[in-house]
1. If a residue has to be outside any loop (DSSP other than H, G, I, E, B), of a type outside the set (Gly, Ala, Ser) and over 19 Å from Asp66 (Cβ atoms) to count, how many in the stretch 85-123 make the cut?
2. Please enumerate the residues belonging to the stretch 134-166 that are assigned to a loop (DSSP other than H, G, I, E, B), modelled with pLDDT under 95 and either of a type in the set (Val, Ile, Thr) or in contact with a Ser or Thr (Cβ under 8 Å, 6 or more places away or on another chain) (or both).
3. Could you list, in sequence order, the residues of the stretch 86-114 that are over 11 Å from Glu125 (Cα atoms) and among the aromatic types (Phe, Trp, Tyr)?
4. What's the total number of residues in the stretch 101-121 that are touching an Asp or Glu at 6+ places or on another chain (Cβ under 9 Å) and either surrounded by fewer than 16 Cβ atoms within 10 Å (Cβ to Cβ) or modelled with pLDDT under 95 (or both)?
5. Kindly establish whether Asp40 is charged (D, E, K, R) and modelled with pLDDT of 85 or more.
Amino acid sequence: MAYSTSAAVLMWAQMQSGDFTVVDTDFTTTITNYIAYADDMIENYCKVPSGYFDAGGVTITNEYHDGVELGYGSTWQHLFGQRGDPFLRLKYTPVISVTTLSEETSAGTWTARTEGRNDDFLVMENGVRYVANIPTYDYKNIRCTYVAGYSATPGSVAVCSARLAAALLQKVKDATRRQPARLAALSAEMAVDPTLSHQVFSPPLKALVDPYRRRSPARLIAQ
């Protein structure tokens, strides 16, 4: 799915299909392609997988973790002192749901854990909190498939997508004014131009999606 619409792109670009001639494709396809380029720039900047901002999020399949990662997200007093609640922070957040969570309990044998307050784990916005069957202190012994993202594409992401695609269109329009060229050929050149994002992805546009940029948390080390 695209993060913005053709109508939104044309509104920000303040142009219509008759503003320049499209060769080797049609105008609707051209707009769709530029939205895809814009969405790819946003995902690269935010360090998230393709489709992350689609409504309903994206499925992350078989993400591996180490049992040694489990830090104590909170502690509470009980009769014999303090008890920690082991917490596994997943790579992409917010977490919408966990499809499967397994632990390698012996070489090559993966045991599925059950979600539920009276079972093995609870799903939190930024990961999984274990309540039973806490993984052993080991490496690459946890495997999780989950859905991360948002129930609907965030509004500022949609605006950024439309404005970026509009900026791309304006850049092509300006280029065709300065030298004869086919729009399709320019589109192909722009798609592989590594400097393009620096030219059109301005600080104000980045500010729209900065709140959604993935930042690696400090790693908790068990003592």
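The values are calculated or read from the model by the stated rules, or taken from the named source; none is laboratory data. Because the structure is predicted, anything quoted here is derived from the model rather than measured. No Cβ is skipped: glycine too gets one built from the backbone with ideal geometry, and neighbour counts run over all protein chains shown.
1. The qualifying residues number 5.
2. Those that are assigned to a loop (DSSP other than H, G, I, E, B), modelled with pLDDT under 95 and either of a type in the set (Val, Ile, Thr) or in contact with a Ser or Thr (Cβ under 8 Å, 6 or more places away or on another chain) (or both): Ile134, Thr136.
3. Phe87, Trp110
4. Here the count works out to 4.
5. Yes; evaluated as a whole, the condition is true for this residue.
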